[in-house]
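Notes to accompany the following structure.
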């Protein structure tokens, strides 16, 4: 799709498909301007890789024409003013056979915001997914980005769920708090199916529709366990896998990744909806008690906004909310 005119100096202005060899350096700079302060470590690494790739020059042109995977990775649209890229949207399939599409990197330079450019970029991306047989388009947006949320709602997107990122600057001494009637114990790899069933109960149906849970993502053979073990060694971390039982019922999991080398620690938890509000303090204090044995760096955690009981406990123990991302979907 191309929708543009020539300006007074004869230069193209408006919407056109993104061309990596021509646009990638400007797109990388635009994404950095729009999102640099919001990126986590993984996002910062992705941005560095994007900037490095943008310096490949003519090789980008060749890759774009010879590699379908490369072309798919950078498919999308840019908006051009005065010969410069001032807006961008990326649109990709979930995988090459999927009818689910994802929109990302929606950005407009500050000086050009409020002129309807983001809406036109979004309409082009949605049209591309629809024309190629897509059945839905998904995206994520910060909960505090009111303008973007309004635009996406106006275009027909519905909210699926939210995820809150919290950070603890430094782990201090924390006493473990047990929960009467519940048993916290090590979690065995052989319990993968119980963990899968717990995830099915915990994760909202709307998210499972967008990103179906698969048993193979939970089942780990001997080879997978060796890979995990080696991964921990090379990452300089130790992983603790714990579970909570209520009688014979498997009702919660806790995974703690303790870093030896100065990176942030991480923790993840799942609690069955029937038991929310009962075991979160036990899980958080156990994690912090374990991490108190490691160097004094901070802790990062992602929690579903539906799990308010966990968010409240984390904040009680000093965690600070960094951002909340809202997942949205448009059925085509």
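Here are the numbers:
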read-out: The stretch 178-195: number of residues that are surrounded by fewer than 14 Cβ atoms within 10 Å (Cβ to Cβ) and not in a strand (DSSP E or B); value: 6
read-out: Candidates 137, 171 - the one that is assigned to a strand (DSSP E or B) and either in contact with a strand residue (DSSP E or B) (Cβ under 7 Å, 6 or more places away or on another chain) or over 25 Å from residue 110 (Cα atoms) (or both); value: 137
read-out: Single residue of the stretch 278-304 satisfying the filter (within 18 Å of residue 252 (Cβ to Cβ) and in a loop (DSSP other than H, G, I, E, B)) that is farthest from the chain's Cα centre (by Cα); value: 278
read-out: Options 121, 139: the member that is surrounded by 17 or more Cβ atoms within 10 Å (Cβ to Cβ) and either farther than 20 Å from residue 331 by Cβ or out of contact with any helix residue (DSSP H, G or I) (no Cβ under 8 Å at 6 or more places or on another chain) (or both); value: 121
read-out: Options 172, 190: the member that is touching a residue at least 24 places away in the same chain (Cβ under 8 Å) and assigned by TED's automatic domain parsing to the domain that holds residue 213; value: 172
read-out: Yes/no for residue 85 being under 27 Å from residue 165 (Cβ atoms) and either outside the structural domain of residue 17 (by TED's automatic domain parsing) or surrounded by 19 or more Cβ atoms within 10 Å (Cβ to Cβ) (or both); value: no
read-out: Leading residue by the ranking (nearest to the chain's Cα centre (by Cα)) among those in the stretch 254-263 that are buried (at least 16 other Cβ atoms within 10 Å of the Cβ) and farther than 22 Å from residue 202 by Cβ; value: 263
read-out: Options 123, 113: the member that is more than 24 Å from the chain's Cα centre (by Cα) and modelled with pLDDT of 90 or more; value: 113
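The values are calculated or read from the model by the stated rules, or taken from the named source; none is laboratory data. It should be emphasised that the depicted structure is a prediction, and the values quoted were computed from it without experimental measurement. Glycine gets a Cβ as well: all are built from the backbone with ideal geometry, and neighbour counts include every protein chain shown.
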